[in-house]
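Below: the structure, in structure tokens.
The values are calculated or read from the model by the stated rules, or taken from the named source; none is laboratory data. What you see is a predicted model; the values in this text were computed from it and never measured. Neighbour counts are summed over all protein chains in view; Cβ atoms, including those assigned to glycine, are modelled from backbone coordinates with ideal geometry. To get the accessible areas, we keep the full protein, side chains included, count just its heavy atoms, and leave off ligands, DNA and RNA. Shrake-Rupley method; radii C 1.70, N 1.55, O 1.52, S 1.80 Å.
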Amino acid sequence: MDISTGTRTVIVIVFAAYTIFQLVYSIVTRNRMRSGKGDYLSKFYTGGRSNGILVTAMMVSAGVAGAGVFMGVPGFTYTFGAIWMVCCFWSLCTNFMVLGLIGKRVGIVARRTNSKTFGELLMHRYGNSKLIGVMTSLVILIFLGAFAVSTIVGGGRIFQILTGQDYRIGLAIFMILVVIAALTGGMKGVASAIVIQGIVMTISVIVLFIMGVNSTGLSYTQTIQSLIETDPKWFMPTAQNGIWTVLSFAIMWGVATFTMPHVTMSTITYDNTRTLHRAISIGSVVVAIWLLGLNGLCFTVKYMFPAGTLPTADLGIPMLAVTTMPAWAAGLVLAGVCGAVQSSVGGMVVSLAGTVVSDLYKNIINPKASVESVRRLNVIAVIAVCVIVFLFACKPPELLAMLITYATGGMMVAFFHVVLLGLFWKRANKYGAAVGIISGVALYILIQNNILPWSCGMNASIMATVISWFLMMAVSAVTPKTPYGIIATWFGKDYPEAPAGGTEAVAAAEAEHLEHQGSDLQRRERRNAGVPAQTAVYSE
């Protein structure tokens, strides 16, 4: 469907004005980041651990429901049937699973250990194992990188609709904006901007739903009835899109969202427990509005754009915006959505850069690296991550949700059991975690490619996670226990917050804390063959 030059011009002007405002805001945020508490890495990756209610809620919401909710799932629904709306609605559980289930415990432990990234948390829990650090980093780079590619593709396609130019041109512009936002503000800039983006996107979804539904000339129920009469199969579950599909995505997109490192980063950056509790409520309402509005428009998109009339099914919602709304309103809606996608990608880029700089270089390769060298490497890492993601995004998948499903499944099979058992089972150790990660990823690949026909009709990630969960428990049960100092840090109720200064400072703080404890158990631990308190294993 063609869009007039005048309409495009107005849309682009509105979008450009909004984008300039966001860039100015990023520069202001950079000054805040410089004056915040903590060292450079802590401020860049955690925002000084001072995020408020709205920031925390929007970080989780946009981290999961960005391009996927606006374009990916509607594209899948348009192509494969209405059952995909049910799959997407499980994302309503996101805030409860991330902030409610693990948020408080992760936030406390992150402060005790001065952990700045998802990888640092897992390394500390599993005995500062370099093997765990390397494996965690590789999984994040591969699967979170794939998730970032899918999200950036969404941004590029929105630019394609805005300008009418080649997809790669829009992708390049979008990527440049992401680099500027990430470098100028770090996690603080990304998180602060995401509040504005989230509010604009929420308003945009409401307005777009009202105008989109009215654009058909029929009532909402008449539109649905017309689709039932003309394409009844679109509403019917199939062998590929039945109850097991719904169950799979209930787990992947509802229960297991805490396995996404950029989403779990929000639990490291909030300021206090009160913020955490209120963010759950606000975030759940925001996600509900997005899901109800955008999924509700799938009927309208299917009615307005019959098969073969869209360049790709992912463009259904953006095309609806530019064809049913005034140019200025369409520009603001797409600017808000694209901004939310940009902030979501920014969070992923910061997490990916943190994996390279903090997890691999600072913690494993060169623990004594100077602040200046880390700062330089961080800039290089952000740019390199964006360039690599851009190159992969130049050949986009046919449907965004295909890549999103692959990426979320990969993070789930590696981290679901490693995170939950690490948080709630003292016996989990580095040997079990290593087996859990390796077996989870290997089984995922084998089942996904039908080399092992063990899917039981579900997504390959489900059975891979279940099997690797039991393997991790079995190996942990028959191998040496985790050192007592780590268990005290993760499960103790009265433990001091660690000082900034890296793993050596954290280890020293742990030793000092344990040295001043007076319980009989800890005194026995210290007497056991002269073993220092921070290395003694705990006794169940």
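One table, with the values for the structure above:
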| read-out | value |
| --- | --- |
| Residues located in the range 288-312, provided they are open to solvent by 20 Å² or more (accessible area, probe 1.4 Å) and either within 24 Å of the chain's Cα centre (by Cα) or among the basic types (Lys, Arg) (or both) | Ala288, Ile289, Leu292, Lys302 |
| Residue in the range 373-391 that is modelled with pLDDT under 85 and open to solvent by 10 Å² or more (accessible area, probe 1.4 Å) present | yes |
| Qualifying residue in the range 361-372 (condition: at pLDDT below 90, assigned to a loop (DSSP other than H, G, I, E, B) and among the aliphatic types (A, V, I, L, M)) | yes |
| Residue in the range 264-287 that is nearest to Phe89 (Cα to Cα), counting only those that are buried (at least 16 other Cβ atoms within 10 Å of the Cβ) and among the hydrophobic types (A, V, I, L, M, F, W, C) | Val287 |
| Residues (open to solvent by 10 Å² or more (accessible area, probe 1.4 Å) and at pLDDT below 80) located in the range 160-182 | Gln160, Ile161, Thr163, Gly164, Gln165, Leu177, Ile180, Ala181 |
| Residue ID - modelled with the lowest pLDDT, chosen from residues in the range 224-256 that are closer than 24 Å to Ser91 by Cβ, open to solvent by less than 90 Å² (accessible area, probe 1.4 Å) and among the polar types (S, T, N, Q) | Asn241 |
| Filter result (in a helix (DSSP H, G or I) and touching a strand residue (DSSP E or B) at 6+ places or on another chain (Cβ under 9 Å)) within the range 96-155 | Leu99, Gly103, Gly107 |
| The listed residue being over 19 Å from the mean Cα position of the chain (by Cα), part of a helix (DSSP H, G or I) and of a type in the set (Phe, Trp, Tyr), out of Tyr406, Tyr444 | Tyr444 |
| Subset of the range 453-474 [open to solvent by 60 Å² or more (accessible area, probe 1.4 Å) and over 29 Å from the mean Cα position of the chain (by Cα)] | Pro453 |
| Selected residue (only one of Ala433, Ala442, Ala477, Ala509 is at pLDDT below 95 and either surrounded by 15 or more Cβ atoms within 10 Å (Cβ to Cβ) or over 25 Å from Lys362 (Cα atoms) (or both)) | Ala509 |
| Test: Leu131 is surrounded by fewer than 24 Cβ atoms within 10 Å (Cβ to Cβ), without any contact (Cβ under 8 Å) to a residue 12 or more places away in the chain and not charged (D, E, K, R) | no |
